[in-house]
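**Student:** Shown below is the structure under consideration.
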Amino acid sequence: MLIMQPGPTPVAKEVEKVMSREMVSFRDAGFVNDMKLVVDELKDIWRAPYAFVIPGTGTLGMEISICNSVKKGDRVLIVSHGSFGDRFKDICDSRDVEYDYLRSEDGAIVPVEVIEAQLKKHNYKAVTITHVDTSTGVKSPVKEIREMLNQFEDIIFILDTVCSAGSERIYLDELGVDIMFTGSQKSFGMTPGLSIIWASEKFMKRRNDLGKINEFYNDLNNWLPVMEDPIKYFSTPPVTLIWGLKEVLSLMKEEGVEARYTRHENNAKAFSTALEAMGYSMFVTKEEERTCSLANIKYPEGIEIDDALFRENLYKKGMDIAAGYGEFFGKIIRISHMGNVGQDELLQAIAILEETMVEMNIPVTVGAGAKAFKEAL
Ligand SMILES: *Cc1c(COP(=O)(O)O)cnc(C)c1O
């Protein structure tokens, strides 16, 4: 099956193999070394002073980013480009954290000046931004946001990189992000189960300044000693998942992380060109606001297409794509090319899309998609 869902994404055979090894104790010397190596490489590759690997998902990273940086009654600015940006509202609500909320027009960013104007109105303790909102495919202008944020010293910059870390070019120190996080099942191309979190010195200082917080599993200060010295115990490490992640990082280094980002950029451009040649339009109209992790597209205009049937027909031919999420259900479809999806898979996807369109009497120029894809590369 060609999995083109925004998580779980295809897992490399090498990763599956190490994950089926015989279990060892988490105090096993080999495992302790593996754990140490994984944490060090995460810090190294994403240029962060702190990295955490915790059993969980992307949502856990979101919660941790909030409850380690703000307390009940503090004020946060939530900048949202879609459903995942909105999720921070629920998280803040669950902890009685006050917030203001800015939501973009569909398929576009909230302009940086709008964020700036809002930040000047109150004493905000943190701002949350989704690097790439998977529901819309919108990518935030992180550099510009960072530059604007420089005038607000007290603000913790929370960046949700669940969709983007591993496909979009992002380095924590260079971008001055205070905390970012992902789930192993997205652009890392691993099985679900790990929450991977990077933090800055400023973030950990904020955590300490909060003093006692009403959290236990979510308290980064409980995890920090284990990340620094994995022979210590706080909560049982997910041995199998750590092996998988170690292999994932090794494959990333083998490809070269910069080369990996460039691959995603080139493939995404070529794939969107192909989709447009086939009659689809990109939900995010401005190219610079579009992610290279997945393609969120609208069906060709002027024709009635049964969305569920279309996706079902693709599935029967071995291609699994995502429907629109939340409010965008039925309005768009999402074809993910995160992680391990490469040119061969994208060409295969174009062929299956075309076949399905022909079968469903949706007008398409046969061969136009593949031609546009190859020409763009
Ligand atoms: C998937 C996703 C999440 C939620 O991650 P889970 O692993 O499903 O908990 C949060 N933010 C973004 C941008 C995502 O794509």
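Every read-out reported here was derived from the displayed coordinates using simple, explicitly stated rules and does not represent laboratory data. Values in this document were obtained by computation on a predicted structure and should not be read as measured data. Neighbour counts run over all protein chains shown; Cβ positions are idealised from the backbone, glycine included.
**Student:** Give a quick list of trypsin sites (Lys or Arg not before Pro) in region 141-206 that DSSP marks as loop, anything other than H, G, I, E or B, with at most 12 other Cβ atoms within 10 Å. If you can, show how the numbers build up before the last one.
**Tutor:** Values: sites: 143, 146, 169, 186, 202, 205, 206; in loops: 169, 186.
Sites meeting the loop and neighbour criteria: none at all.
**Student:** Please list, in order along region 314-324, the HN-Hα scalar couplings obtained from phi with the Karplus expression 6.51 cos²θ - 1.76 cosθ + 1.60 (θ = phi - 60°), rounded to whole Hz, x for Gly and Pro.
**Tutor:** Working through the residues one at a time gives 4, 4, 4, 8, x, 10, 10, 10, 9, 6, x Hz.
**Student:** Between the DSSP loop rule and a limit of at most 16 other Cβ atoms within 10 Å, which trypsin sites (Lys or Arg not before Pro) in region 251-344 are left? Walk me through the numbers before you get to the answer.
**Tutor:** Values: sites: 253, 260, 263, 269, 286, 290, 298, 311, 316, 317, 331, 334; in loops: 286, 317, 331.
Of the trypsin sites (Lys or Arg not before Pro), the ones in loops of region 251-344 whose Cβ has at most 16 other Cβ atoms within 10 Å are 286, 317, 331.
**Student:** Calculate the tail of P(r) for the chain: the fraction of all Cα-Cα distances greater than 27 Å, expressed in %. Intermediate results must be reported in sequence, preceding the final value.
**Tutor:** Numbers: 34523 of 70876 pairs.
So the portion of pairs separated by more than 27 Å is 49 percent.
**Student:** For residue 236 and residue 98 in the same chain, what is the full-extension length gain: residue separation times 0.36 nm, less their Cα-Cα distance, in nm?
**Tutor:** 46.3 nm
**Student:** Separate question: So, counting K/R as plus one and D/E as minus one, what does the shell of residues with Cβ under 13 Å around residue 279 add up to?
**Tutor:** -2
**Student:** For region 362-377, what does the Karplus curve 6.51 cos²θ - 1.76 cosθ + 1.60, with θ = phi - 60°, yield as ³J(HN,Hα) per residue in whole Hz, taken in order and with x for Gly and Pro?
**Tutor:** Result, ordered by residue: 9, x, 7, 7, 4, x, 5, x, 4, 5, 4, 4, 5, 5, 5, 7 Hz.
**Student:** In addition: What pairs from 202/246; 72/143; 139/186; 17/253; 139/371; 186/298 go past 24 Å between their alpha carbons? Don't jump to the answer; show the numbers that get you there.
**Tutor:** Working: 202/246 27 Å; 72/143 30 Å; 139/186 16 Å; 17/253 18 Å; 139/371 27 Å; 186/298 22 Å.
Table pairs above 24 Å Cα-Cα are 202/246; 72/143; 139/371.
**Student:** Indicate, rounded to the nearest 5 percent, the antiparallel portion of the DSSP beta bridges found entirely in the chain.
**Tutor:** Beta bridges within the chain, antiparallel portion: roughly 50 percent.
**Student:** While we're here: Compute the angle between helix 29-46 and the longest alpha-carbon principal axis of the chain, please, reported from 0 to 90 degrees and rounded to the nearest 10.
**Tutor:** Relative to the chain, helix 29-46 is tipped by roughly 70 degrees.
**Student:** Here is a follow-up. Evaluate the Debye formula for region 150-284 with equal point scatterers sitting on the alpha carbons, no solvent, and hand back log10 of I(q)/I(0) at q = 0.19 Å⁻¹, in q order, two decimals.
**Tutor:** With no solvent term, the Cα-only Debye profile gives -1.27.
**Student:** Using alpha carbons only, how many degrees (0 to 90, rounded to 10) separate the axis of helix 201-210 from the longest principal axis of the chain?
**Tutor:** 60
**Student:** May I ask for the Rg/Rh ratio of region 70-219, computed from Cα atoms with Rh as the Kirkwood radius, given to two decimals?
**Tutor:** 0.93
**Student:** Something else now. Using θ = phi - 60° and the Karplus form 6.51 cos²θ - 1.76 cosθ + 1.60, what ³J(HN,Hα) does each residue of region 241-254 get, whole Hz, x for Gly and Pro?
**Tutor:** In residue order, the calculated couplings are 5, 5, 4, x, 5, 4, 5, 4, 5, 5, 5, 4, 5, 5 Hz.
**Student:** According to a simple spin-label model (label point 7 Å from Cα along Cα-to-Cβ), what is the distance in nm between residue 153 and residue 201?
**Tutor:** Reported label-point gap for residue 201 and residue 153 is 1.5 nm.
**Student:** Between the alpha-carbon centers of region 35-81 and region 287-340, tell me the distance in whole angstrom.
**Tutor:** Taking the Cα centre of region 287-340 as reference, the centre of region 35-81 is 29 Å away.
**Student:** Once amide H atoms are built 1.01 Å from N in the peptide plane, which residues 5 or more positions from residue 336, or in another chain, come under 5 Å H to H?
**Tutor:** Placed amide hydrogens put 5, 295, 322 under 5 Å from residue 336.
**Student:** Can you list residues from other chains, or at least 5 along the same chain, whose modelled amide H is less than 5 Å from the amide H of residue 138?
**Tutor:** Those lying under 5 Å, H to H, from residue 138 are 133.
**Student:** Next question, about the same structure. Once you order the gyration tensor axes a ≥ b ≥ c over the Cα atoms, which shape class does region 309-369 get: rounded for a/c under 1.5, otherwise prolate or oblate by comparing a/b with b/c? Spell out each step's value before the answer.
**Tutor:** On the way: a/c = 1.79, a/b = 1.09, b/c = 1.64.
It is oblate, given that a/c is not under 1.5 and a/b is not larger than b/c.
**Student:** Taking only C-alpha pairs under 8 Å that are 6+ residues apart, what is the relative contact order of the chain in percent?
**Tutor:** Answer for the chain is 24 percent.
**Student:** OK, next. For an R0 of 25 angstrom, estimate the FRET efficiency from the Cβ-Cβ distance between residue 287 and residue 90 and round to the nearest 0.05.
**Tutor:** E between residue 287 and residue 90, to the nearest 0.05, is 0.20.
**Student:** So in region 151-211, what percent of DSSP beta bridges are antiparallel if you round to the nearest 5?
**Tutor:** 55
**Student:** When the convex hull of the Cα atoms of region 231-377 is projected onto a plane and the area is averaged over all directions, what value comes out in nm²?
**Tutor:** Computed as one quarter of the Cα hull surface, the answer is 11.8 nm².
**Student:** For region 48-108, state the average projected area of the convex hull of the C-alpha atoms over all orientations, rounded to one decimal in nm².
**Tutor:** Average of the hull's projected areas for region 48-108 equals 5.1 nm².
**Student:** Add +1 for every Lys or Arg and -1 for every Asp or Glu among the other residues with Cβ under 14 Å from the Cβ of residue 83, and state the total.
**Tutor:** -1
**Student:** Which GluC sites (Glu not before Pro) in region 153-254 sit in a loop by DSSP (not H, G, I, E or B) and have at most 12 other Cβ atoms within 10 Å of their own Cβ?
**Tutor:** 153
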